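Novice: Here's a structure for you.
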Amino acid sequence: MSLLEVENVTLKFGGVTAVNNVSFSVEEGEVFALVGPNGAGKSTLFNLVSRFYDPVAGDIRFAGESILNKAPHEIARLGIARTFQNIELFEQATVLQNLLVGRHRHRRGNLFSETLFTPFVRREERRHREAVEKVIDFLDLQPYREKYIAGLPYGVRKVVEMGRALAIEPRLLLLDEPASGLSVEETQDVAYWVEDIKTQMGVTVLMVEHDMHLVSAVSDRVMALADGKMLAIGTAQEVQNHPKVIEAYIGVADENERVVA
Amino acid sequence: MRTVFKTTYDADINLFRHGAQAFWYLSLLALMIVLPFILSDFAIGEMTNVLIWAIAGMGLMILVGQTGQASLGHAAFLAVGCYANVLLQEKLGLPFILSFPLAGVIAGLSGVALAIPTSKLHGIYLAIGTLAVSILVDDLIVIAEPLTGGINGLYAPTIDIFGIQFDRYGTPVRFYGLILFVTVLVVLAYRNILRSPLGRSFAAVRDSEISAQAMGVNVARTKAVAFGISTAITGLAGALMGHFSGIFNNETFTIIISIQMLLMIVIGGLGSIHGAFFGAVVIALLPQAIARVRDGVGALTGTSIAIPGMESAVFGAILILFILFEPMGIYGRWLKIRTYFELFPFYRRDMFRRQRSYLKTERMR
Ligand SMILES: Nc1ncnc2c1ncn2[C@@H]1O[C@H](COP(=O)(O)OP(=O)(O)OP(=O)(O)O)[C@@H](O)[C@H]1O
Ligand SMILES: [Mg+2]
């Protein structure tokens, strides 16, 4: 049984079919990359798995069970964490507080015990902090612990968002363009982290990424998507050389040229 | 400058960040306990008033400053708490020690009832929705005359706790002490919420509903809880206001009060407990200050001036000045002054300026 199974999923925005009868499955323990030109429907697929959108057809299963009857906030509790393409952090809070929100699914106190801040809540807080410190060490975020997000540079925010998703302690991690806008060195870090997330933490990764170097360095399997349709699936090498994929990218290049001319 | 050297996680979990901070807050509390024995009855009354407004301000602050939900209807919950407290005492014969917390519970539940239908509303729409509640409650008080006394209002009885009387005029020091006790409890509850998962889920909803959901935060429920806690505290403040003013009617809790409460926490500084207190000082003492200035000017020029609406105008002017020059409120200004002295002489002008963060597209260029 695959960890995540997407089966014949279709989603329309008005006249646009953003995702068109797409099927794929992600195996436990692998790094699976989604590639494709802008507007291919990659982020929309993430939003479908996050339950922000309802598919018009098809099914999405996690660990064998359909998640279509779940609310968006129940997805984290299943063990699916994600980052956003356009960074969605809690701006008026510190890095530490952001990461601690990631622990929300492990919350065991309630309104009353927390208002009284019982010894139980204190022990829980220590436990959450310990888990978050592991993430901070892993991602080298120590210098930013007490900093407010609103003042942080773009590259650090990207890392904090990844950290917040890791604080959930997920089984499946969805990364939407983790390296976009990062420098070469920062992208290199992301490659190591993704590798370690897979091998050391045993977390399955589903990743959208445009940087083909990063994709071929870390992913076990790659799926190419264009105009909401699946083009090819296989190793990075296979997908890059697939005639349909080349056509889709060249088609885009042609359009760009026409715009310029 | 102080460098806090942390050796355990508890340093961040504790009520106070370090010993010196604990010392200052406990000194402040000690001063608040001692003051009434030195001050005049009039001054004690003013301080009591400030504390009651601070409680109301903390109630609204949890919703607006912490959870990011606007409310222009909080006077309604002052009213709910106030009427519930007095009616439970008068009609059901409950003692204050029961009617007071129950008034908070009733106000809190009515807040939750309001949050459920409005959980999808944001910003200005939520403000208008809550504003409607304020007007509605005003009308309901008039309509339900047999119960509420309509425009004639109700009298609040003297508070009696196990035979000990707490009266604003009869025993002002004791009355002040009771209010101070409630204030401390509310501050503690507020702090506890802030340092626990609940407070962080409030901040999450405030800053990004979409990623709050992705973190497993049930947004609608969190908003309802925030409304409930906020209106419960506001209800408690309302109950105390009733006992403080002695007599009240629908006019005591008009829409103007709702607006003033919102202005109070903005002027004080959104998102902090300090802000609620600073704002309360301004709102409670401003009428006195204006009266003093007016009398002074009158004596100087030999005329007597009475401009209707003066208070609201001054209040509005202060608000505009704050939004223009100190959007972080009095508390924000205080932080800057404190940092200035802590770092003296190394303070830089731009120290509190937001660092600009770059978007992806800007970096790519
Ligand atoms: N909320 C929305 N409403 C309407 N149309 C949308 C919405 N979200 C996405 N779309 C459309 O769906 C299509 C797929 O968008 P999506 O964001 O999934 O692309 P993507 O593959 O992530 O592209 P990129 O690489 O630019 O991030 C696009 O045509 C987009 O315009
Ligand atoms: Mg995208």
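Novice: Which FRET efficiency value, to the nearest 0.05, do you get for A:GLU247 and A:GLU130 by plugging their Cβ-Cβ distance into 1/(1 + (r/R0)^6) with R0 = 56 Å?
Specialist: 0.65
Novice: Given just the C-alpha atoms of the range A:129-254, how large is their convex hull per residue in cubic angstrom?
Specialist: So the per-residue Cα hull volume is 130 Å³.
Novice: Could you tell me the relative contact order of chain B? Use alpha-carbon pairs under 8 Å, at least six residues apart, and round to a whole percent.
Specialist: 28
Novice: P(r) for the range B:164-323: what percent of alpha-carbon pairs falls in each 10 Å bin, starting at zero?
Specialist: It works out to 8, 27, 32, 21, 8, 3, 0, in whole percents.
Novice: Along the Cα→Cβ direction, 7 angstrom out, place labels at B:GLU145 and A:GLU146. What is the inter-label distance in nm?
Specialist: With each label placed 7 Å out from Cα toward Cβ, I get 6.2 nm.
Novice: What would the Debye equation give as log₁₀ I(q)/I(0) for the protein assembly as shown at q = 0.11, 0.12 Å⁻¹, counting only Cα atoms as equal point scatterers?
Specialist: Log-scaled intensity ratios, in q order: -1.10, -1.23.
Novice: If R0 is 56 Å, what FRET efficiency do you get for B:GLU311 and A:THR235 from their C-beta distance, rounded to 0.05?
Specialist: 0.15
Novice: Let me cross-check B:TYR9: its accessible surface, 1.4 Å probe, with only protein heavy atoms counted, in Å² to the nearest 10?
Specialist: 80
Novice: Can I ask one more? Give the span of the range A:120-188's Cα atoms along each principal axis, as three whole-Å numbers ordered largest to smallest.
Specialist: 44, 29, 19
Novice: What nm distance separates the two modelled labels at B:LEU98 and B:TYR25, each placed 7 Å from Cα along Cα→Cβ?
Specialist: Rounded to a tenth, the inter-label distance reads 3.4 nm.
Novice: Evaluate peptide A:77-83: per residue, the Cβ atoms of other protein chains within 10 Å of its Cβ; return the mean as an integer.
Specialist: 2
Novice: Want the number for B:VAL173 to B:THR7: 0.36 nm per residue separation, take away the alpha-carbon distance, what's left?
Specialist: Difference between extended and current length: 55.5 nm.
Novice: Let me ask something else. Per residue and in Å³, how big is the convex hull formed by the alpha-carbon atoms of the range A:62-183?
Specialist: Considering the Cα atoms of the range A:62-183, their hull volume per residue is 128 Å³.
Novice: Let me ask you something else. Compute the normalised compactness of the range B:223-284: alpha-carbon radius of gyration over 2.2 N^0.38 Å, N being the residue count.
Specialist: Compactness ratio reported: 1.18.
Novice: 222 nm [θ] for the protein assembly as shown, helices only, -39500 (n - 2.57) per DSSP H run of 4+, per residue, to 500?
Specialist: When only DSSP H runs of four or more count, the value is -18500 deg cm²/dmol.
Novice: Once phi is turned into ³J(HN,Hα) by the Karplus curve 6.51 cos²θ - 1.76 cosθ + 1.60 with θ = phi - 60°, what whole-Hz value does each residue of the range A:66-71 show in order, with x for glycine and proline?
Specialist: Coupling constants for the range A:66-71: 4, 9, 5, 9, 9, 7 Hz.
Novice: So, one more: Go ahead and set up a Gaussian network model of chain B, Cα springs under 10 Å, then flag whichever of B:GLY59, B:GLY302, B:GLY269 fluctuates most.
Specialist: Among B:GLY59, B:GLY302, B:GLY269, the largest GNM mean-square fluctuation belongs to B:GLY302.
Novice: Given the peptides B:317-326, B:180-189, A:152-161, arrange them by the average over their residues of other C-beta atoms within 10 Å, most packed first.
Specialist: A:152-161, B:180-189, B:317-326
Novice: Roughly how many Å² is the accessible area per residue of the protein assembly as shown, as a whole number, for a 1.4 Å probe?
Specialist: Here the per-residue accessible area is 47 Å².
Novice: Looking at chain A, do any whole DSSP H helices span at least 15 angstrom along their long axis by alpha carbon and average -0.5 or above on Kyte-Doolittle, and which?
Specialist: Flagged H segments are A:154-167, A:243-260.
Novice: Quick one: how many Å² of B:THR234 are accessible to a 1.4 Å probe, rounded to 10?
Specialist: 0
Novice: Sticking with this structure for a sec: For chain B, with a Gaussian network of springs between Cα atoms less than 10 Å apart, report the residue from B:GLY296, B:GLY149, B:GLY170 with the top mean-square fluctuation.
Specialist: B:GLY296
Novice: What is the dipole size for the range B:1-147, taken about its Cα centre, with +1 at each Lys and Arg Cβ and -1 at each Asp and Glu Cβ, in debye to the nearest 20?
Specialist: Computed about the Cα centre, the dipole is about 540 debye.
Novice: I want to make sure I understand the PRE zone here: with the label point 7 angstrom from the Cα of B:GLU90 toward its beta carbon, which residues in the range B:139-156 have backbone N atoms less than 15 Å away?
Specialist: B:141-156
Novice: When the solvent-accessible surface of protein heavy atoms is calculated with a 1.4 angstrom probe, in what order do B:TRP24, B:TRP334 fall, highest first?
Specialist: B:TRP24, B:TRP334
Novice: Based on alpha-carbon centroids, what's the gap between the range B:104-169 and the range A:191-247 in Å, whole number please?
Specialist: 58
Novice: When you look at the Cβ of every residue in B:201-211, what mean number of other chain Cβ atoms sits within 10 Å?
Specialist: That works out to 6 on average.
Novice: How large is the translational diffusion coefficient of the range A:1-127 in µm² per second when you combine the Kirkwood radius over alpha carbon pairs with Stokes-Einstein at 25 °C and 0.890 mPa s?
Specialist: Rounded to a whole number, D works out at 144 µm²/s.
Novice: To continue, here is another question. May I ask you to give the percent of accessible area on the range B:40-178 that is carbon plus sulfur, with a probe radius of 1.4 Å?
Specialist: Carbon and sulfur atoms account for 71 percent of the accessible area of the range B:40-178.
Novice: Any chance you could get the radius of gyration and Dmax over the Cα atoms of chain A, in Å?
Specialist: 19.3, 69
Novice: What does the C-alpha gyration tensor say about the overall shape of chain B? Classify as rounded when a/c is under 1.5, otherwise prolate if a/b is larger than b/c, or oblate.
Specialist: It comes out rounded by the Cα gyration axes.
Novice: Could you calculate the contour length gain from B:VAL34 to B:HIS122, that is, 0.36 nm times the residue separation minus the distance between their Cα atoms, to one decimal place in nm?
Specialist: 27.2 nm
Novice: Which entries in the list A:LYS134/B:LYS120; A:LYS134/B:LYS223; A:LYS70/A:LYS147; A:LYS147/B:LYS6; A:LYS134/A:LYS158; B:LYS91/B:LYS223 go over 25 Å, if you measure between the two C-alpha atoms of each?
Specialist: Going by Cα-Cα distance, A:LYS134/B:LYS120; A:LYS134/B:LYS223; A:LYS70/A:LYS147; B:LYS91/B:LYS223 fall outside the 25 Å limit.
Novice: Another question, then. Give me the distance in nm between label points sitting 7 Å out from Cα along the Cα-to-Cβ direction at B:LEU136 and A:ASP220, one decimal.
Specialist: Each label point lies 7 Å from its Cα, and together they span 5.5 nm.
Novice: Between A:ALA57 and A:GLN85, what length in nm is gained on full extension when 0.36 nm per residue of separation is reduced by their alpha carbon distance?
Specialist: Computed gain between A:ALA57 and A:GLN85 is 7.6 nm.
Novice: Please say if the range A:187-258 is rounded, prolate or oblate, where rounded means a/c under 1.5 for a ≥ b ≥ c the square roots of the C-alpha gyration tensor eigenvalues, and otherwise the choice is prolate for a/b larger than b/c and oblate otherwise?
Specialist: It is prolate, given that a/c is not under 1.5 and a/b is the larger ratio.
Novice: To the nearest 0.05, how large is the calculated FRET efficiency for A:ASP137 and A:GLU195 if R₀ is 25 Å and r is the Cβ-Cβ distance?
Specialist: Computed FRET efficiency for A:ASP137 and A:GLU195 comes out at 0.90.
Novice: Add +1 for every Lys or Arg and -1 for every Asp or Glu among the other residues with Cβ under 12 Å from the Cβ of B:VAL173, and state the total.
Specialist: 0
Novice: Oh, and also: Based on the alpha-carbon gyration tensor of the range B:102-226, what equivalent-ellipsoid semi-axes (square roots of 5 times the eigenvalues) come out, in whole Å, largest first?
Specialist: Taking √(5λ) for each eigenvalue gives 34, 24, 11 Å, largest first.
Novice: Then there is this: Enumerate the amide H contacts of A:VAL19 below 5 Å, restricted to partners 5 or more residues apart or on another chain; note that Pro and chain-start residues carry no placed amide H.
Specialist: A:LEU11
Novice: For chain B, modelled as a Gaussian network with Cα springs under 10 Å, which listed residue fluctuates most, B:LEU87, B:LEU31, B:LEU154?
Specialist: B:LEU31
Novice: Here's another thing I want to ask about it. Calculate one ³J(HN,Hα) per residue across the range B:327-334 by plugging θ = phi - 60° into the Karplus curve 6.51 cos²θ - 1.76 cosθ + 1.60, and present them in order as whole Hz with x for glycine and proline.
Specialist: Calculated HN-Hα couplings, in order: x, 7, x, 4, 4, x, 4, 4 Hz.
The values are calculated or read from the model by the stated rules, or taken from the named source; none is laboratory data. These numbers were taken from a predicted model, which means no experiment stands behind them. Here Cβ is always computed from backbone atoms with ideal geometry, including for glycine, and neighbour counts include all displayed protein chains. Surface areas here come from the heavy atoms of the whole protein model, side chains and all, with no ligands, DNA or RNA. Shrake-Rupley method; radii C 1.70, N 1.55, O 1.52, S 1.80 Å.
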